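In what follows, a structure is listed as structure tokens, so that the remarks can point back to it.
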């Protein structure tokens, strides 16, 4: 039994030794890397860009390669990577990445993780720009997760 333990220990020590010269043969090629994950994006399902709509306007949102979740209850001390929630701005452009989305007009927050505003958003007749932007748990914008569409509200 002692002999077996001694042989095993010798093998472990020999395997950890750096005294063996490196092989001069080229390393086997690694398998091809998996293609990158699709780019995350956020978009309006309804209405579509250029649509003529009636008020109240039903808003439905979608997201790809990104998790839409409710903001955690209580004080948020850290953001969860790869997660956020929707915000809609009326007649405003996308905010720069890393900007806190105001909790006031013209922005509406969907902090419960919802993907729809029903019965809809009241808008005055005429042309409007609608901006859908993702915010993290601290309501900070995330690069690339914003879409702006134009709609016309019928009289």
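Just so it is clear, none of the values below were taken in a lab; they were calculated from the coordinates. Keep in mind that what you see is a predicted model, and the values were worked out from it rather than measured. Quick reminder, even Gly has a Cβ in these numbers, built from the backbone with ideal geometry, and neighbours come from all protein chains shown.
Numbers at a glance
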{"read-out": "Segment 41-153: relative contact order as a whole-number percent, Cα under 8 Å and 6+ apart", "value": "38"}
{"read-out": "P(r), alpha carbons of segment 109-148 - 5 Å bins starting at zero, rounded %", "value": "6, 16, 24, 26, 16, 10, 2"}
{"read-out": "Expected-Rg normalisation [2.2 N^0.38 Å, Cα atoms] applied to segment 41-153", "value": "1.02"}
{"read-out": "Virtual spin-label span in nm between residue 58 and residue 152, 7 Å along Cα→Cβ", "value": "2.2"}
{"read-out": "Segment residue 91-residue 78, extension gain: residue separation times 0.36 nm, minus the distance between their alpha carbons", "value": "1.6 nm"}
{"read-out": "Stretchable slack from residue 140 to residue 49, in nm (0.36 nm times residue separation minus alpha-carbon distance)", "value": "30.2 nm"}
